[in-house]
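This report refers to the structure that appears directly beneath it.
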Amino acid sequence: MNGASASAPGKFVILGEHAVVYGKPAVAVAINRRFYIRARRNDDFRINGESTDLRFNPHIRYIAGRNDMIPVSVHMDSKIPTGSGLGSSAALSVAFSAAMRVLCGRSMGREEIAKEAFEAECYCQGRGSPMDTSASANGGGVALNAPDAGGSHLWDIDRDGVSWSVSGIDVPPMTFVIGCTGIKAATGPLVERVRKYKDGNRFASDIVEEIGQVTLEGIDALRAGDAECLGRLMTKDHKLLSILGVSSNELNKMVNASLPHAYGAKLTGAGGGGCMVALTDQPDIVCEAISSRGGFPFVVKTGVEGVKASAKNE
């Protein structure tokens, strides 16, 4: 066996982005858009047939380094928009970790993959939370630091003095519409912007605390299948994130256009562009509203399987 294939889903955040970096609660859901990777042993590192310098591919570099730096030729095919807040880099890290583990005969446990992929994300971005990689590795819905979420405990992760307890939770049937601005925004600088604001301003620190409380209330509403309550809390979370300075005019226009036809709407992910999400029973109308503001909408399915990998002879 000299080859492996793997795939991992993207995700969207229902509540808690940015605050989760500081150990506050968050809830995220895997979506039915995936990152696909095929890898085979090779004489040098190649990506999609081209020789590559790993200095410019830090996710690949970090995970390869954890797997004896075995040179591989990697073919990537992503159905997740990049720089959009839908977890494309986390899905890449999770899928590549799984593929390399197959090649090296290492453990294929989702916990090990999620943790290795999280370290790759931190290596690339400086700091963050294990929310994206946990959702991508496990699939379904995941809650972080929400002891009363009612789900099954998955794993614990500690880094830089912050601890996260990750649980898998059931997401009742609900319809979410994602709206993409088409504007790419790197996560690292946005996380750093919030950190500076929070560290230098008590008001911003209080906003982070309030996001955590809103998230706990939202998890209760999610468990109860109360779309009206969850939607109100999503909209409130968007306003709080806007105060932290991570929204944009494009996101605000799409959120406002969605709200007359949705229970609630908010940016999802790091912000600065990227995507928003609306909870609605009228997905077609919400898609039209998002399109009317220059966005690119699509309906997402929940209950998606996490990372998958298999060996291949090539």
**OP:** Check cross-link reach from Lys308 to the lysines: straight Cα distance under 25 Å, and skip same-chain residues fewer than eight apart.
**Re:** Lys11, Lys79, Lys115
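Using the Cα centre as the reference, give the magnitude of the dipole from point charges on the C-beta atoms of segment 25-78 (Lys, Arg: +1; Asp, Glu: -1; all else neutral), rounded to the nearest 20 debye.
Working: 9 positive and 6 negative charges, 44 e Å.
I would put it at about 220 debye.
Working from the alpha-carbon coordinates of segment 150-269, get Rg over Rh, Rh being the Kirkwood radius.
Values: Rg = 15.6 Å, Rh = 16.1 Å.
Taking Rg over the Kirkwood Rh, I get 0.97.
With a 1.4 Å probe and every protein chain kept in, tell me what percent of the accessible surface of segment 26-129 is carbon plus sulfur. Don't jump to the answer; show the numbers that get you there.
Details: 1840 of 4170 Å².
Exposed carbon and sulfur together represent 44 percent of the surface.
If each DSSP helix of 4+ residues adds -39,500 (n - 2.57) and the sum is divided by the residues in the chain, what number results at 222 nm, nearest 500 deg cm²/dmol? Could the numbers behind the result be given before it?
On the way: 9 runs with 123 residues, N = 314.
My calculation for the chain gives -12500 deg cm²/dmol from helical runs alone.
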Subject >> Column: log10 I(q)/I(0), Debye, Cα scatterers of segment 70-189, q = 0.20, 0.21, 0.22 Å⁻¹ >> reply: -1.26, -1.33, -1.39
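Calculated FRET efficiency, Asn249 and Val299, Cβ-Cβ r, R0 30 Å, to nearest 0.05?
Working: r = 24 Å, r/R0 = 0.81.
Using R0 = 30 Å, I get an efficiency of 0.75.
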Subject >> Per-pair calculated FRET efficiency, R0 = 35 Å: Asp158 and Arg41 via Cβ, rounded to 0.05 >> reply: 0.55
Subject >> Taking the convex hull of Cα positions in segment 60-111, its mean projected area over all directions (nm²) >> reply: 4.0 nm²
Subject >> Whole-number Å³ per residue for the convex hull built on Cα positions in segment 1-132 >> reply: 102 Å³
**OP:** Return the FRET efficiency for the residue pair Asn201, Lys312: r is the Cβ-Cβ distance, R0 is 41 Å, and the value is rounded to the nearest 0.05.
**Re:** 0.20
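What is the dipole size for the chain, taken about its Cα centre, with +1 at each Lys and Arg Cβ and -1 at each Asp and Glu Cβ, in debye to the nearest 20? Numbers along the way, then the final one.
On the way: 34 positive and 34 negative charges, 134 e Å.
Roughly 640 debye, rounded to the nearest 20.
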Original post:
What helices does the chain have that are whole DSSP H segments, at least 30 Å long along their own axis by Cα, and with mean Kyte-Doolittle hydropathy of 0.0 or more?
Top reply: 202-224
Original post:
Mind checking the log10 I(q)/I(0) for the chain at q = 0.07, 0.08, 0.12 Å⁻¹? Debye, one equal scatterer per Cα, no solvent, two decimals.
Top reply: -0.25, -0.33, -0.74
Subject >> Radius 11 Å from Cβ of Gly141, net charge of other residues (Lys, Arg +1; Asp, Glu -1) >> reply: +1
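Between Glu192 and Glu288, 0.36 nm times their residue separation minus their Cα-Cα distance comes to what?
Gain on extension, Glu192 to Glu288, equals 31.1 nm.
The values are calculated or read from the model by the stated rules, or taken from the named source; none is laboratory data. Because the structure is a prediction, the values reported are computed rather than measured. Please note: Cβ atoms are built from the backbone with ideal geometry, for glycine as well, and neighbour counts cover all protein chains shown. Ligands, DNA and RNA are excluded from the accessible area calculation, which covers all protein heavy atoms including side chains. Shrake-Rupley method; radii C 1.70, N 1.55, O 1.52, S 1.80 Å.
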